Amino acid sequence: MAPITVAHYLAVGAVMFVAGVLCMVTKRNALGVLMGVELVLNGANINFVAFGSKLLRAESLGLDGQFIALFVIVLAAGEAAVALAIALNFYNNHTTIDVDRADDLKG
Amino acid sequence: MAELINLQILNRLLGWAGVDLPPSHLAGAVLAALVHGVILLGIVAVAAMFFIWAERKVAGRIQDRLGPTRVGGRFGWLQALADGIKLLSKEDVRPREADALLFRCAPYVSFAASFTAYLALPFSDGWVAQHINSAVFFILAVLGLEVFGVILAGYASGSKWSLFGAMRESAQVVSYEVPLGLCVVVPVFICGTMNLVTIGNMQTGWLTNWLVFHDPFTFAVFWVYFTCAIASVNRAPFDLAEAESELVAGFHTEYSGMRWCYFFMAEYGSMLLVSGLATILFFGGWHGPVPVFDMLGWSSMGGVLQYVAELAGAANFLIKAVVGVTVMIWVRWTLPRLRIDQVMTTCLKYCTPLAAVCFLGALGWQTGMFGLAAGPLWSPNQLMAVKQRGEYRESWVLKAEAAAAAEGSAAQAGRPAASGDRDEPDVSGETEPARSSATGAVGSPLSRKGGVG
Amino acid sequence: MASHLGDPRVVEFDVRTDEMLINMGPQHPSTHGVLRLALRTDGEIVSEATPHIGYLHRCAEKIGENLSHRQYIPYTDRMDYLAAMNMNLGWALVVEKLLKHEVPERGRHLRVLMAELNRIASHLVAMGTYGLDLGSFTPFLYAFRERERILDLFEEVCGARLTYSYITPGGATGDLTEGWLEKCEAFLDQLAPVIEEYHTLLTSNAVFIRRTAGIGVLSAEMAIDYGTSGPVLRGSGVDYDLRRDGDPWYTGLYRDYKYEVIVQKDGHYPKDRDYPPVPAEAVLGDSWHRFYVRMLEVVQSVELVRQAMERYRAAKGDCGAPLKLTQRLPKGEAYLETEAPRGQMGFFLVADGNAIPWRVRVRSSSFCNLSITHEVCRGCLIADVPAVIGSLDIVMGEIDR
Amino acid sequence: MMTLAGMDWHAIYFWLFALLTCGFALAVLFSANVVRMAFYLVLCLGASAGLFFLTGAEFVAAMQLMIYVGGTLVLLVFGVMLTAHSRFVSLRTPSGEWILALIAGSALLALLLSAALKVPDWVKANPDRAAISAADVEATTPIGMGFAGVRVDKLSQTDPQLLGGMSGYLLPFLIVSIHLLVVLIGAAYMARAKRRAAAVDEGAV
């Protein structure tokens, strides 16, 4: 088996990222879109952590990778709370969470 | 410290049995891993069975009756096994309204989470399946995943009562993680590590070394921890998710047979887990009230005697954890259930502020009330110095320590960490004081004990 | 104030949730039998609770019109099966009232003895199941432990443990057995300290108080308007007890007994000094007060039983023989309400001159007590619904008849 | 974990967790039922926490499980429950959109993968990985110190110029804390019960 390199992790991150982007694009459920955002953030996180790993690269990013990943996780929590609030308010006003129905401002 | 299953010992045993393996043969490692896994699974399963029996016996005694008396002899030892067989033979019912996949998966999610957390729980000095540097948070994190099984079960059952159970559970567990996390941070920063083996080993010695006696705040925070732990494993009086008098059976209303049993295995597994965590964080872990084996010198002797000492430590640990579980059982059969809003009030208005105050108080105790006193305030604890528990320290601490010892800069070790900002130009040039100030802040007992020198 | 969360008509939440219709019962653990409550909830907050009854309807009243007055006794047993003696007594008294038949003095004290003993048993079950409704299992078994001893006593005099058919029109099916009074005395001596334990476990328990105080508040006016009775009425502060205020035919039973009606006057219950004080959170008429009234009534009944035993010993003669099955009832009608453990239990009897009544109607206490559900449950949480229903202490056998 | 008994355990575990992560990420994408999506997302993020463990970022992994899976996703599922109009709600996406999205997505994936594999430094395995002991990658305490403003992991940096730039993360940490506080207050404001002005005088029963 080939040794695992940073590129392997980046590939996993890329798959997650793309799955997340497609999720955001295709889902009509606001919460589905939100889940897509989480996937994207996590895909990016995998990259950060992989670049920061001493095990994978001799001259790694060091702990900064982990720091950034932690900030992403914490901010994602806040982001989810806010997004959920938006989704719930949207639900209150439209009694649906279909984002395609959010077209009130369309001329 | 030693491993529960030493690879070399295992190979020697295999050699006696006529199987010849080179020391680093894959089969040996796999075998050792298997033995570990089976032992751990056995502990969880046997613990669940034992606690089901104990729950019935204790409840019986509390309620002025006998509890099980017939299955398996005088004390009904095998009652739990009989229950298990009965549950195995029951029909696995699934409501038509249910989401089949999630309904089937949910019990496994719960049980897997509860079981996975045992990976990081040491049972004795070094007897842990996986050394994890941040074991404390790993356990809390994985324990928090158990809620997912409950939520999925509640939602997938297709019953309104189950849904209510799931809603309550999610609200409750998310809230109680906050004070629980605050509570475990107190022993963590007193010890300066999140490694449970190190935290346990630091409390070597008499029972005055247990962290619960470290100062009044740690004593108080233990009770907050215990309350929150009961809430986070969903035991009465916080068993809102299954409140049988309100929600029929809450999230597991629609479950039967083995799937139902998995929820209970998970519940009893997590009970033992949080009690075990409390044991390590507050009650000396595997160190008894009297350090018999340390006096005899067995615990550092190596060979069979050390193994015996560690075995006794494991027994010690399990006894303390079982006492914790027994208290939970006792509480369950004594108190009425709180209402959901009262559960949240308890968390947000009492537990969280209390935990925060205790955190600040313990911090103040360590820093001499934020600099008012000369050093850390008096504590009965004589925690083992950093040097002796070096095996589990990060290597940079050891290096820093060695360097500091060499330069004899112990005088600066007690300097508060906040002032050691790396951006200050006058500090950036000199590395040593900054290092020692860092170690002083991390391993605060180090500085109190007269430090590194 | 319906609850601390206020009325749903007044409170509005930003997060709009769908209204949910939930059936609580008839197979729900804490609806005390086969009651079905249709709850309309907004999240956990109940906006409407409608009781649906009739699952235990057995045509008990119609059956009474096809049986002789004495044959009807076993059917009264099955109305309030937790207080069968009181049911027997109610029916026996109304038949006797129509017949103008007085039981001998000894029989009168025997009836008080049995009725009050059964009241203790019934209130013990109410207490235990209330603990169960609030998630505390242990008091339930304690209560049943004491109740067992009362059932043992009943078994000794009549052979049955639940449906006694003991008190009959004309007297009772038999006199007390040898040594029964001593056993009863021993039981009462043992009960008194145990009640202290119950107060520790429930009445003064902080969690219990938080679950019951201020929940399901029933004002005195509303209690009277809805025709509630018994501990539910007295828990709202209305000083009304049929043993004192009822029909003379019934109050005559208690004419020389000393007791105080358990109701809060000037912020105090009679003899509440010996028991936990009323907590600050409790509002008159809430679940806590209903529970407390019941607990104090147990003590009151213990005293009444002691008095009854004393008078029974002193009284001469027999305790009255049951009327003959074929004893014709005079043409006319009679209505009599008695103070059963759950409130006023009325029997209405119309006779056309035969031994078989022409019309039998029953006025059930639990039925009226249950009717306040939709008023007091509005705006409370789902968890409060069992807490309120439990404090009403309903028996479905009596409601559905 | 790394080289136990000559096996490349890292590779084995990597492939295990990588397959789980990718598989469940795609399951999230292709599932129509929002609760199942949440369930797959939990498994996906849990498996990626496994990947974090493999890279030696234990603290990040624990936090991933604790905050992300245990907190954020529970919140998400809570939102799903609150907004599920009918049970097991699913909103279908038109297949035209699907095709378009898939084409664009595979183009993006190809771009990202080629970028990841092009850099020679990234496809080269660390030659002295065997020499790195577990104690060297354990970083919980340095992370804690880093948040407090002290970069103990960069002490080996001898160049004072560079060392001056190795500031801690105290300021971002504080900003994030305040940010979370604001979010908390906002959430409390959202969920708070409001009284209708008109109905107040009626009073409750």
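Please treat every number below as a calculation from the coordinates, not as lab data. Just so it is clear, the model here is predicted, and its values are computed rather than measured. No Cβ is skipped: glycine too gets one built from the backbone with ideal geometry, and neighbour counts run over all protein chains shown.
Can you list which of the trypsin sites (Lys or Arg not before Pro) found in the range C:287-324 are DSSP loop residues with at most 14 other C-beta atoms within 10 Å?
C:Lys316, C:Lys324
Expressed as a whole number of Å, what is the distance separating the alpha-carbon centroids of the range C:334-401 and the range A:12-28?
So the separation of the two Cα centres works out to 63 Å.
If only Cα atoms are counted, what is the Rg of the range A:10-65, and what is its Dmax, in Å?
Final numbers for Rg and Dmax: 13.6, 44 Å.
Tell me, what HN-Hα J-couplings in whole Hz come from the Karplus equation 6.51 cos²θ - 1.76 cosθ + 1.60 at θ = phi - 60° for each residue of the range B:247-257, using x for Gly and Pro?
Along the range B:247-257, the couplings run 10, 6, 9, x, 5, 9, 4, 8, 8, 8, x Hz.
Could you derive backbone 3J(HN,Hα) for the range C:373-385 from the dihedral phi with the Karplus parameters 6.51, -1.76 and 1.60 (θ = phi - 60°), listing whole Hz in sequence and x where the residue is Gly or Pro?
Going residue by residue, I get 3, 5, 6, 7, 8, 5, x, 8, 8, 4, 5, 7, 4 Hz, with x marking Gly and Pro.
Suppose R0 equals 30 Å. What FRET efficiency, 1/(1 + (r/R0)^6) with r the Cβ-Cβ distance, do C:Lys324 and C:Thr251 give to the nearest 0.05?
0.60
Work out, step by step, the length gained on full extension between C:Glu156 and C:Arg58: first 0.36 nm times the residue separation, then minus their alpha carbon distance; give nm to one decimal.
Here the answer is 32.4 nm.
Ranking C:Thr200, C:Thr163, A:Thr26 by Cβ neighbours within 10 Å, fewest first, what do you get? Working shown, then result.
Working: C:Thr200 11, C:Thr163 17, A:Thr26 20.
Ascending number of Cβ neighbours within 10 Å: C:Thr200, C:Thr163, A:Thr26.
What is the P(r) of chain C, as percent of Cα-Cα pairs per 20 Å bin from 0?
Result returned by the calculation: 28, 57, 14, 1.
When ranked by the protection proxy of mean other Cβ atoms within 10 Å per residue, highest first, what sequence do the peptides B:346-359, C:177-190 form?
Those peptides, ordered most packed to least, come out B:346-359, C:177-190.
Per DSSP helix of 4 or more residues, -39500 (n - 2.57); summed, then divided by the residues of chain C. What does that give at 222 nm, rounded to the nearest 500?
-13000 deg cm²/dmol
Taking the Cβ-Cβ separation of C:Arg359 and C:Arg145 as r and a Förster radius of 35 Å, what is the calculated FRET efficiency to the nearest 0.05? All intermediate terms of the calculation are to be shown ahead of the outcome.
Working: r = 42 Å, r/R0 = 1.21.
Using R0 = 35 Å, I get an efficiency of 0.25.
Kindly write out, for the range D:101-109 in residue order, the coupling ³J(HN,Hα) from the Karplus curve 6.51 cos²θ - 1.76 cosθ + 1.60 (θ = phi - 60°), rounded to whole Hz, with x marking Gly and Pro.
5, 5, 4, 4, x, 5, 5, 4, 4
What does the highest-first list of D:104-116, C:99-111, C:117-129, B:96-108 look like by mean Cβ count within 10 Å?
C:117-129, C:99-111, B:96-108, D:104-116
Return the equivalent ellipsoid semi-axes of the range B:82-366 as a descending list in whole Å, where each equals the square root of 5 times an eigenvalue of the C-alpha gyration tensor.
35, 23, 15
If amide H atoms are built 1.01 Å from N in the plane of the peptide, which residues on other chains or at least 5 residues away come under 5 Å of the amide H of C:Gly171?
Long-range HN contacts for C:Gly171: C:Leu323.
Modelled label-to-label distance, B:Leu360 and B:Ile319, 7 Å Cα→beta-carbon offset: nm?
Between B:Leu360 and B:Ile319, the label points sit 4.0 nm apart.
Summarise the partner chain shielding of B:190-201 as one whole number: the mean count of Cβ atoms from other chains within 10 Å of each residue's Cβ. Numbers along the way, then the final one.
On the way: counts 0, 0, 2, 3, 7, 3, 0, 0, 0, 0, 0, 0.
Partner-chain Cβ atoms within 10 Å, mean over residues of B:190-201: 1.
Just counting partner chain Cβ atoms within 10 Å, what average do the residues of peptide D:41-49 show around their Cβ?
6
Mean projection of the alpha-carbon convex hull of the range B:98-145 over all orientations, in nm²?
3.7 nm²
Run the quick spin-label model on D:Leu19 and D:Ala115: label points 7 Å from Cα toward the beta carbon, then report their separation in nm to one decimal.
2.9 nm
Work out the FRET efficiency for C:Glu19 and B:Arg104 from their Cβ-Cβ distance, taking R0 = 45 Å, and round it to the nearest 0.05.
Calculated transfer efficiency: 0.90.
Could you list which residues have their amide H under 5 Å from that of C:Ala355, counting only those 5 or more apart in sequence or on another chain, with H placed in the peptide plane?
It is C:Leu329, by chain and number.
Taking each residue of B:60-66 in turn, how many C-beta atoms of other protein chains fall within 10 Å of its C-beta, and what is the average?
Per residue, the average neighbour count from other chains is 3.
Order these by the 10 Å Cβ neighbour count, fewest first: D:Leu20, D:Leu29.
Lowest count first: D:Leu20, D:Leu29.
Search the structure for amide H atoms under 5 Å from the amide H of B:Arg337, placed 1.01 Å from N in the peptide plane, and list their residues when 5 or more places away or on another chain.
For B:Arg337, the qualifying residues are C:Gly135, C:Ser136.
Give B:Lys57/B:Lys349; A:Lys54/D:Lys118; B:Lys57/B:Lys160; B:Lys90/B:Lys320; C:Lys62/C:Lys324 a once-over and call out the pairs whose C-alpha atoms are over 24 Å from each other.
Table pairs above 24 Å Cα-Cα are B:Lys57/B:Lys349; B:Lys57/B:Lys160; B:Lys90/B:Lys320.
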